[in-house]
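In what follows, a single structure is set out as structure tokens and then discussed.
The values are calculated or read from the model by the stated rules, or taken from the named source; none is laboratory data. Because the structure is a prediction, the values reported are computed rather than measured. Heads up, the Cβs are rebuilt from the backbone with ideal geometry, glycines too, and the neighbour counts pull from every protein chain shown.
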Amino acid sequence: MSISEINEWIGQTPVASEHGGLVDHMLGFVHWFMLVLGVGWSIYLCIAFYRFRQKKTPKADYQGFQGHATTHIEIGVVIVEAILLLGFAFPLWSRQADEYPTSPDTIRMRALGEKFLWNFQYPGDDRLISTWSSVNVSPTNTTGKDLHDPNGKDDFISLNTMKLPVGRPVIVDVASKDVIHNLAL
């Protein structure tokens, strides 16, 4: 059984983005690792149940296993999890976080979250978006844009509705007024 078959079997949606294949591959690897880990610990648990059953040892055994096998197994699990995090997850995230579309038709916009709503700021005809600062946020300036920036004169704002053009790359700068928010596209 391949990683993609497991991903399909557990109900992952088909890849719909450029980097989705890498993410799915990493998730598949993590699922294989969790399967091996679960089977391994289940076998260990069955051995422990058998070895320490009441019929064999009527008195309590306060020593447990005398060997170092469990320590070595735990160290191995920690090493594999560190490799997963440092070797796969961080590089995958940094590759995605550092690569922005560079084509000339890329649209850059801003999403500013606040309690129970989102403010979306789009560039106007000049295709440039104004600078912003959290200091500038007010009831009349919901996105905190710099009112003196000439790039922001033709920007427009929508509330809770994000509309994106089909087939064009978009960079969304996400910020928040108050707490951490989740922007799902």
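Consider segment 122-170. How many of its residues are among the basic types (Lys, Arg) and within 27 Å of the chain's Cα centre (by Cα)? Adding up the residues that qualify gives 2. Being in a loop (DSSP other than H, G, I, E, B) and touching a strand residue (DSSP E or B) at 6+ places or on another chain (Cβ under 6 Å) is a description that applies to His181.
Residues that are touching a Gly at 6+ places or on another chain (Cβ under 9 Å), not assigned by TED's automatic domain parsing to the domain that holds Thr143 and not in a loop (DSSP other than H, G, I, E, B) do not occur anywhere in segment 18-29. Assessment of segment 114-126 against the conditions (in a loop (DSSP other than H, G, I, E, B), within 23 Å of His19 (Cβ to Cβ) and either out of contact with any strand residue (DSSP E or B) (no Cβ under 7 Å at 6 or more places or on another chain) or not basic (Lys, Arg) (or both)) yields no matching residue.
For segment 158-173, enumerate the residues that are closer than 23 Å to Pro101 by Cα and either surrounded by 10 or more Cβ atoms within 10 Å (Cβ to Cβ) or of a type in the set (Lys, Arg) (or both). Listed by number, the residues that qualify are Met162, Lys163, Leu164, Arg168, Pro169, Val170, Ile171, Val172, Asp173.
For segment 148-169, which residues satisfy the criterion of being under 20 Å from Leu185 (Cβ atoms) and free of Cβ contacts under 8 Å to residues at least 60 places away in the same chain? Across segment 148-169, the qualifying residues are Phe156, Ile157, Ser158, Leu159, Asn160, Thr161, Met162, Lys163, Leu164, Pro165, Val166, Gly167.
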